[in-house]
Each structure stands twice: as structure tokens, then as C-alpha cells.
1. Name, by its number, the condition in (1) within 14 Å of the ligand (Cβ to nearest atom); (2) in contact with an Asp or Glu (Cβ under 9 Å, 6 or more places away or on another chain); (3) β-branched (Val, Ile, Thr); (4) modelled with pLDDT of 95 or more that does not hold for Val59.
2. State all residues of the stretch 74-90 that are in a helix (DSSP H, G or I) and more than 15 Å from the ligand (Cβ to nearest atom); if no residue qualifies, say none.
3. What number of residues in the stretch 120-132 are surrounded by 15 or more Cβ atoms within 10 Å (Cβ to Cβ) and assigned to a loop (DSSP other than H, G, I, E, B)?
4. Considering the stretch 112-161 alone, what residues qualify as being of a type in the set (Val, Ile, Thr) and over 25 Å from Val176 (Cβ atoms)?
5. Take Ala150 and tell me if it is surrounded by fewer than 19 Cβ atoms within 10 Å (Cβ to Cβ), in contact with a helix residue (DSSP H, G or I) (Cβ under 8 Å, 6 or more places away or on another chain) and either assigned to a strand (DSSP E or B) or at pLDDT 95 or above (or both).
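The values are calculated or read from the model by the stated rules, or taken from the named source; none is laboratory data. Small disclaimer: the values here were computed from a predicted structure and weren't measured. Every residue, glycine among them, receives a Cβ derived from its backbone with ideal geometry; neighbour counts consider all protein chains shown.
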Amino acid sequence: MNLILFGPPAAGKGTQAKRLVDTRGMIQLSTGDMLRAAIASGSELGQRVAGIMQRGELVSDEIVVELIESRLPEAEAAGGAIFDGFPRTLAQAQALDVMLQRRGSKIDKVIRLKVDDEALMHRVAGRFAESGRPDDNPDSFKVRLAAYNAQTAPLLPYYEDQDKLVEVDGMGTIEVVAAGVDRALDGR
Ligand code: ADP
């Protein structure tokens, strides 16, 4: 099964993805994690994307599509993947569909975590104070939220038209949201 965890930055996609990895043995493909690993390794790609990410802007479709493509064989071997933070643009969504189709596969479900903007700002302020992730500073976060609203939220009708979209209230505790994700996955 291939699943997309969808939602604005700091909605809890990574947290819920990691839980599904633990409880269901699924594989998490997070483009954010892959890009941060590239930066940490000091690679040429990392150097290219560091400034873009720090400002809160999206890196190019080409880069993230290539990162995802390189991990699809591994995902396939595991019986599917949780896509976290990808796709973020219509071009990425279309590229993903083509890549999966070529492998005889598809996206099965898109789980949208719904969290209001005020709660997101609050969460990210706490996270910034704790971890100091550079793109969690208030200015970059505003850019990330704007990128979500302008470039990523328009994907919702794309998946709704394909009858793949399930909405989960993302405002509760991690456990309550996890229960909602489980219900969405198991069709209860
Ligand atoms: P969050 O979901 O909290 O915003 P991510 O770790 O998913 O965090 O993403 C962090 C940053 O990495 C984004 O703001 C963007 O710069 C870059 N990024 C991650 N995934 C993508 C993607 N699919 N397309 C373009 N940029 C991406």
C-alpha cells in the first residue's frame, strides 16, 4: 500500500509517519529528511538546497522527484511507502503517478491532517525554541505556510477527484491523531 501523509508544515506528518513505520512495518519517504541529510553530509546537492530550505521556499521539483525515484525500489520491496512532505506541487504529484505507474503501482490513500494556522504557528514556535531547526524561525515559517497554501493545498482536489482523500483531525494529542489515522487506513 502506498500512502501520502498530507498537510501543512508542522501538522504532524513526520510524527505519524514514524509511528506507522513502527506499528505497520511501512517505509517512510520524507523528502525533508532526505534534503536535511544531504545538507548534513555537505554534498553538492546539500549546498545547493541549504539556502532555499532555510528561507522556507520549495526546492525544485526535479531535485525532489529524483530523490524519491531513487528510493522507490526499496519501498516496493517493503510493500509500499508512506510519502511524507511529498508531493508538494501538482508537477510532483503527476511525476509520482507516472513513476508508480511504470512500476505497476499507484497511490492508494491520501490522509490529510487538518490543523489550523494558529495551532501550527504555536507548535512551530515551541519546536524552534527546543530544537532550533533553522527554517522554524517565524519569518521562514510564514514563507513555508504561504508555499503550502499556494502550491500544495491545490493538490487536494487532484486527490479528491480520484476518491483517495481521507481527512483526519490533526488538532488532538499525538495518540488521538494516531487513532484517527488508523481509522482512516483501516476504513473504519
Ligand atoms: P515541514 O513539513 O515541517 O515543512 P519538511 O521536512 O517536509 O518539513 O520540509 C522542509 C523543507 O524542505 C521545505 O520547507 C522545503 O524547503 C524542502 N522540501 C521538502 N520536501 C519538499 C518537496 N516535496 N518539494 C519541494 N521542497 C521540499
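1. It is condition (2) that Val59 fails.
2. Correct list: Glu74, Ala75, Glu76, Ala77.
3. Residues in the stretch 120-132 being surrounded by 15 or more Cβ atoms within 10 Å (Cβ to Cβ) and assigned to a loop (DSSP other than H, G, I, E, B): 0 in total.
4. Of everything in the stretch 112-161, just one residue is of a type in the set (Val, Ile, Thr) and over 25 Å from Val176 (Cβ atoms), namely Val143.
5. Numbers: surrounded by fewer than 19 Cβ atoms within 10 Å (Cβ to Cβ): yes; in contact with a helix residue (DSSP H, G or I) (Cβ under 8 Å, 6 or more places away or on another chain): no; either assigned to a strand (DSSP E or B) or at pLDDT 95 or above (or both): yes.
For Ala150, the condition - surrounded by fewer than 19 Cβ atoms within 10 Å (Cβ to Cβ), in contact with a helix residue (DSSP H, G or I) (Cβ under 8 Å, 6 or more places away or on another chain) and either assigned to a strand (DSSP E or B) or at pLDDT 95 or above (or both) - is not met.
Residue-by-condition table, conditions (1) in a helix (DSSP H, G or I); (2) free of Cβ contacts under 8 Å to residues at least 60 places away in the same chain:
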| residue | (1), (2) |
| --- | --- |
| Pro8 | no, no |
| Thr15 | yes, no |
| Leu35 | yes, yes |
| Val49 | yes, yes |
| Leu72 | yes, yes |
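Per-residue answers, yes or no, for (1) surrounded by fewer than 18 Cβ atoms within 10 Å (Cβ to Cβ); (2) more than 13 Å from the ligand (Cβ to nearest atom); (3) not in a loop (DSSP other than H, G, I, E, B):
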{"residue": "Gln28", "(1), (2), (3)": "no, no, yes"}
{"residue": "Ile52", "(1), (2), (3)": "yes, no, yes"}
{"residue": "Gln92", "(1), (2), (3)": "no, no, yes"}
{"residue": "Met99", "(1), (2), (3)": "yes, yes, yes"}
